[in-house]
Amino acid sequence: MIRIFILFFLLITNIYAANQKDLVKLLKLSDSSKAAGLDLSNADLRTYKFSDEKTNLQNANLSHTNLAGVDLSKMNLTNANLSYSDLTNTKLTSAILINANLNHAILTNANLEMSDLSYASLFSAALTNANLENANLTKSDLSCANLNNANLTKANFASAVISNASFTNTITTDVQNYETVIDNHADCA
C-alpha cells in the first residue's frame, strides 16, 4: 500500500512540477545569475521560487515558458521576451516590464498592480480579468489585446497604442492620460 501511495505521489508531482532540466538550468546559475540574458525559453517553471536578489531576468528569453501561478513580484524583467508565455494567475505586482515582449502572452487573472509596462509590446495578449491597477502603460502596444473584465483603475495610458483591443466590462475608473492613446487600426489577423 505504501509503495502504491509513493508511486501515486511521484506521478502527481511529476505532472504538476517544473521540468527538472529547466530547474537545473536555474540552479547552475546560482552564482552567475547576476549576468543578464538567461535563455529559459520553453521551460516549465511553475514551481520555481524566483528571487529578485538571486535571479536576473533582464533581457531573459522566457518565450513559450510556463510561469502560471508564479510569483514574479518586484522582479526586473526589462527587455525580457515573454512572448507566447503562460502567465495565468501570475503575480507581477510592482514588476518592471519596461520594453518587455509580451506578444500573445496569456495573462489571464494575472496581478500586474503597480507594474511598469512602459514601452512593452502586448500585441494579442490575453489580459482577461487581469489587475492593472496603477500600472504604467506609457507608450505600450496593446493592439489586439483582450482586456475584457480587467481592472485598469488609475492605470497610465500615456501614448499607448490600443488598436482593436477589446475592453468589454473593463474597469476604467480614473484612467490616466487616456486622451493620448493611439488607434492606428492594426490588423489582428
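The values are calculated or read from the model by the stated rules, or taken from the named source; none is laboratory data. This one's a predicted model, so the numbers in the text were calculated from it and none came from an experiment. Here the Cβ positions follow ideal geometry from the backbone for every residue, glycine too, while neighbour counts run over all protein chains shown.
Quick notes on this one:
- Within the set Ser83, Ser51, Ser73, Ser41, the sole residue that is surrounded by fewer than 20 Cβ atoms within 10 Å (Cβ to Cβ), closer than 23 Å to Ala150 by Cβ and of a type outside the set (Phe, Trp, Tyr) turns out to be Ser73.
- Residue selected from segment 54-80 under the condition more than 25 Å from Asn131 (Cβ to Cβ) and assigned to a loop (DSSP other than H, G, I, E, B), by the criterion modelled with the highest pLDDT: Asn59
- Taking first residues from segment 31-52 that are among the hydroxyl-bearing types (Ser, Thr, Tyr) and partners that are at pLDDT 90 or above, the Cβ contacts under 6 Å between residues at least 6 apart in sequence or on separate chains come to Ser41/Asn61; Ser41/Ser63; Ser41/His64.
- Here the condition is being in contact (Cβ under 8 Å) with a residue 40 or more places away in the chain and part of a loop (DSSP other than H, G, I, E, B); of Ser94, Ser118, Ser124, it holds for Ser124 alone.
- If the condition is being among the small types (Gly, Ala, Ser) and under 14 Å from Ser115 (Cα atoms), then segment 66-79 contributes only Ser73.
- Filter pass, Asn151 being free of Cβ contacts under 8 Å to residues at least 24 places away in the same chain, touching a Leu at 6+ places or on another chain (Cβ under 8 Å), crowded, with 17+ Cβ neighbours inside 10 Å and polar (S, T, N, Q): yes
- Meets criteria (farther than 29 Å from Gly37 by Cβ, touching a strand residue (DSSP E or B) at 6+ places or on another chain (Cβ under 6 Å) and of a type in the set (D, E, K, R)) for Glu133: yes
- Residues in segment 129-145 that are over 17 Å from Ser163 (Cα atoms) and buried (at least 20 other Cβ atoms within 10 Å of the Cβ): Ala130, Asn131, Leu132, Glu133, Ala135, Asn136.
- Long-range neighbours under 7 Å by Cβ, at least six apart or interchain, first residue surrounded by fewer than 12 Cβ atoms within 10 Å (Cβ to Cβ) within segment 163-189, second not in a loop (DSSP other than H, G, I, E, B): Asn184/Val161
- Scanning segment 119-145 for residues that are in contact with a Phe, Trp or Tyr (Cβ under 9 Å, 6 or more places away or on another chain) and at negative phi turns up Leu137, Thr138, Ser140, Asp141, Leu142, Ser143, Ala145.
- Against the test of being closer than 17 Å to Ala100 by Cα, in contact with a Cys (Cβ under 7 Å, 6 or more places away or on another chain) and of a type in the set (Ser, Thr, Tyr), the options Ser118, Ser124 yield a single qualifying residue, Ser124.
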